[in-house]
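J.: Take this structure, written in structure tokens, and hold onto it; I'll ask about it next.
The values are calculated or read from the model by the stated rules, or taken from the named source; none is laboratory data. Source: prediction; values computed, not measured. Ideal geometry is used to build each Cβ from the backbone, glycine not excepted, and the neighbour counts take in all protein chains shown.
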Amino acid sequence: MNSLTLTAAKTFEWTTLPEAADPGPGEALVGIRAIGICGTDFSGYLGKMPFIEFPRILGHELGVEVLAVGEGVTHLKVGDRCSVEPYLNCGTCHACQRGSTNCCETLQVLGVHCDGGMRERMVLPAHKLHAYNALGFEQLALVETLAIGCHAVNRAQVSATDDVLIIGAGPIGLTVLEFARAAGAAITMLELNAARRAFVETNYPGVTVVEALADEPAFQIVFDATGHAGSMAGTLRYARFTGRIVYVGITKEPVSIDDPLFHRRELTLLASRNAVAADFPRILGMIQSGVIDTRPWISHRCEFGELPGEMEGWLRPEARVIKAVVSVG
């Protein structure tokens, strides 16, 4: 079975894996059909993702087809099209027992902490597969990235009375935009890149898009989706008194907080990590109903065999990648 392994920074190698085993109890064998490429994959490719060690098979945004099911699996059948919830949690730690499976103390994310979906087939826990045959594989591959924004907006408890600022109009910022919009909030997006600003202006009428903002407390909720320590520190300047700040992007650099400002405005600072299982059915339904339209997102496509030659080019600013999707099989 063919797989694509990242063996070092900027180095993909084709490897042959043993054929996937028959699924055991509670498992399913799936064929990988579509892979979304996200910021984590790009960071891993560049050697900048702190949680990825080489060698690693990337790929956690997956649209898959069920090929076989193991004993006790009743919610899936052969041929089902599924989105994959790629967060492998223990189910017994403090966070899992509280329902925060996204924060499992021993969490393994496919394609990050353990090998992911850049292969032809794999066996997965059946409860991590969300079947939805009304959608295509590309749409299913985008559900996980949308779940990041869904969870972040849930963390912030966004409502229709809130003024929301989203910093960064990359894929993660766009997922936050989708769910803040669904909540009815007034939204401003701060983005330095002209092409990304144009994308938001074209596809999200009613959203205010700016290149710069004055340092003043104008927003009740501020999301930072940049993963840039300087930008994350600067969010405090934009938050109103009693405002809420959510760090969606992640950085390995320390983030400095202006503590007098933080205290004077009595701000709430939240981190948002991954998503939870309940987010997936909601998103699947929103895509099918047209509340979320994933079609404009996919700016680049390639076949699995073409991926090593495309990755470097997709990183160039002039490529203007919003979301790249890889077809497998």
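J.: How many residues are in contact with a Phe, Trp or Tyr (Cβ under 9 Å, 6 or more places away or on another chain), farther than 19 Å from residue 2 by Cβ and of a type outside the set (Gly, Ala, Ser) when one looks only at the range 298-312?
T.: Total satisfying the criteria: 2.
J.: Considering only the range 121-205, give the strands (runs of 3 or more DSSP E) lying wholly within it that have at least 3 residues that are touching a residue at least 40 places away in the same chain (Cβ under 8 Å). If you could, list the steps in order and put the result at the bottom.
T.: Values: elements: 121-125, 129-131, 163-167, 186-190.
Those strands (runs of 3 or more DSSP E) span 121-125, 129-131, 163-167.
Conditions (1) outside any strand (DSSP E or B); (2) more than 23 Å from residue 280 (Cβ to Cβ); (3) assigned by TED's automatic domain parsing to the domain that holds residue 315, marked per residue:
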position	(1), (2), (3)
29	no, no, yes
48	yes, yes, yes
53	yes, yes, yes
68	no, no, yes
75	yes, no, yes
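J.: Here's another thing I want to ask about it. Scanning for something within 17 Å of the chain's Cα centre (by Cα), over 25 Å from residue 127 (Cα atoms) and surrounded by 14 or more Cβ atoms within 10 Å (Cβ to Cβ), does the range 83-93 turn up at least one residue?
T.: no
J.: Okay, moving on. Scan the range 166-177 and tell me whether some residue there is polar (S, T, N, Q) and surrounded by 24 or more Cβ atoms within 10 Å (Cβ to Cβ).
T.: First, the residues of the range 166-177 that are polar (S, T, N, Q): 175.
Imposing the further condition that a residue be surrounded by 24 or more Cβ atoms within 10 Å (Cβ to Cβ) reduces the set to 175.
Yes, there is a match, as at least one residue in the range 166-177 is polar (S, T, N, Q) and surrounded by 24 or more Cβ atoms within 10 Å (Cβ to Cβ).
J.: From the list 20, 28, pick out the single residue that is farther than 22 Å from residue 144 by Cα and crowded, with 17+ Cβ neighbours inside 10 Å. Walk me through how you get there before you give the answer.
T.: Details: 28 fails: farther than 22 Å from residue 144 by Cα.
Answer to the check: 20.
J.: Follow-up question, since we're still on this one. When the residues of the range 315-329 are filtered to those that are basic (Lys, Arg) and either at pLDDT 95 or above or surrounded by 13 or more Cβ atoms within 10 Å (Cβ to Cβ) (or both), which remaining residue is nearest to residue 148 (Cα to Cα)? Even if it seems obvious, please write down each step before you answer.
T.: Here is the first cut: in the range 315-329, the ones basic (Lys, Arg) are 316, 320, 323.
Next, only the ones that are either at pLDDT 95 or above or surrounded by 13 or more Cβ atoms within 10 Å (Cβ to Cβ) (or both) stay: 320, 323.
Working: 320: 22, 323: 15 Å.
Among residues in the range 315-329 that are basic (Lys, Arg) and either at pLDDT 95 or above or surrounded by 13 or more Cβ atoms within 10 Å (Cβ to Cβ) (or both), the one nearest to residue 148 (Cα to Cα) is 323.
J.: Report, by residue number, each residue of the range 256-298 that is under 22 Å from residue 101 (Cβ atoms) and of a type in the set (Phe, Trp, Tyr). Walk me through how you get there before you give the answer.
T.: Pass one, the range 256-298, residues under 22 Å from residue 101 (Cβ atoms): 270-286.
Hit for the range 256-298 is 280, nothing else.
J.: Which of (1) charged (D, E, K, R); (2) closer than 26 Å to residue 113 by Cβ; (3) surrounded by fewer than 17 Cβ atoms within 10 Å (Cβ to Cβ) is the odd one out, the single condition residue 279 does not satisfy?
T.: Failed condition: (3).
J.: I've got another one for you. Being within 22 Å of the chain's Cα centre (by Cα), without any contact (Cβ under 8 Å) to a residue 60 or more places away in the chain and outside any loop (DSSP other than H, G, I, E, B) is the filter here; which residues of the range 210-229 pass it?
T.: Answer for the range 210-229, where residues must be within 22 Å of the chain's Cα centre (by Cα), without any contact (Cβ under 8 Å) to a residue 60 or more places away in the chain and outside any loop (DSSP other than H, G, I, E, B): 222, 224, 229.
J.: Kindly provide the set of residues from the range 194-209 that are surrounded by fewer than 16 Cβ atoms within 10 Å (Cβ to Cβ) and within 20 Å of the chain's Cα centre (by Cα), ordered by number.
T.: Within the range 194-209, 203 is the sole residue that qualifies.
J.: Output yes when any residue across the range 279-291 is basic (Lys, Arg) and assigned to a strand (DSSP E or B), and no when none is. First the steps, then the outcome.
T.: As a first pass, look at the range 279-291 and keep what is basic (Lys, Arg): 282.
Adding the requirement that they be assigned to a strand (DSSP E or B) leaves none.
For the range 279-291, residues basic (Lys, Arg) and assigned to a strand (DSSP E or B): absent.
J.: Oh, and also: What tally of residues in the range 245-272 results from selecting those that are modelled with pLDDT under 95 and among the charged types (D, E, K, R)?
T.: Qualifying residue count, the range 245-272: 2.
J.: With under 23 Å from residue 72 (Cβ atoms) and surrounded by fewer than 23 Cβ atoms within 10 Å (Cβ to Cβ) as the only criterion, which of 109, 123 stands out?
T.: On the way: 109 fails: under 23 Å from residue 72 (Cβ atoms).
Unique residue meeting the criteria: 123.
J.: So for the range 16-26 (the condition being part of a strand (DSSP E or B) and under 18 Å from residue 308 (Cα atoms)), does at least one residue qualify? Before you say what the answer is, go through the steps one by one.
T.: Restricting attention to the range 16-26, the residues satisfying the condition of being part of a strand (DSSP E or B) are 16.
Adding the requirement that they be under 18 Å from residue 308 (Cα atoms) leaves 16.
Taking every residue of the range 16-26 in turn, at least one turns out to be part of a strand (DSSP E or B) and under 18 Å from residue 308 (Cα atoms).
J.: As an exercise: evaluate residue 263 against (1) without any contact (Cβ under 8 Å) to a residue 12 or more places away in the chain; (2) in the same structural domain as residue 134 (by TED's automatic domain parsing); (3) of a type outside the set (Lys, Arg) and give the number of the one condition it does not meet.
T.: Failing condition for residue 263: (2).
J.: Continuing with the same structure: Please find, within the range 292-314, the residue that is modelled with the lowest pLDDT out of those that are surrounded by 13 or more Cβ atoms within 10 Å (Cβ to Cβ) and in a loop (DSSP other than H, G, I, E, B).
T.: The extreme case among them is 294.
J.: Tell me which residues, restricted to the range 27-57, are touching a Gly at 6+ places or on another chain (Cβ under 6 Å), more than 19 Å from residue 322 (Cβ to Cβ) and aliphatic (A, V, I, L, M).
T.: Initial filter on the range 27-57 (touching a Gly at 6+ places or on another chain (Cβ under 6 Å)): 27, 31-35, 52, 57.
Applying the additional criterion that residues be more than 19 Å from residue 322 (Cβ to Cβ) yields 27, 31-33, 52, 57.
Once the filter is applied, which keeps residues that are touching a Gly at 6+ places or on another chain (Cβ under 6 Å), more than 19 Å from residue 322 (Cβ to Cβ) and aliphatic (A, V, I, L, M), the range 27-57 yields 32, 52, 57.
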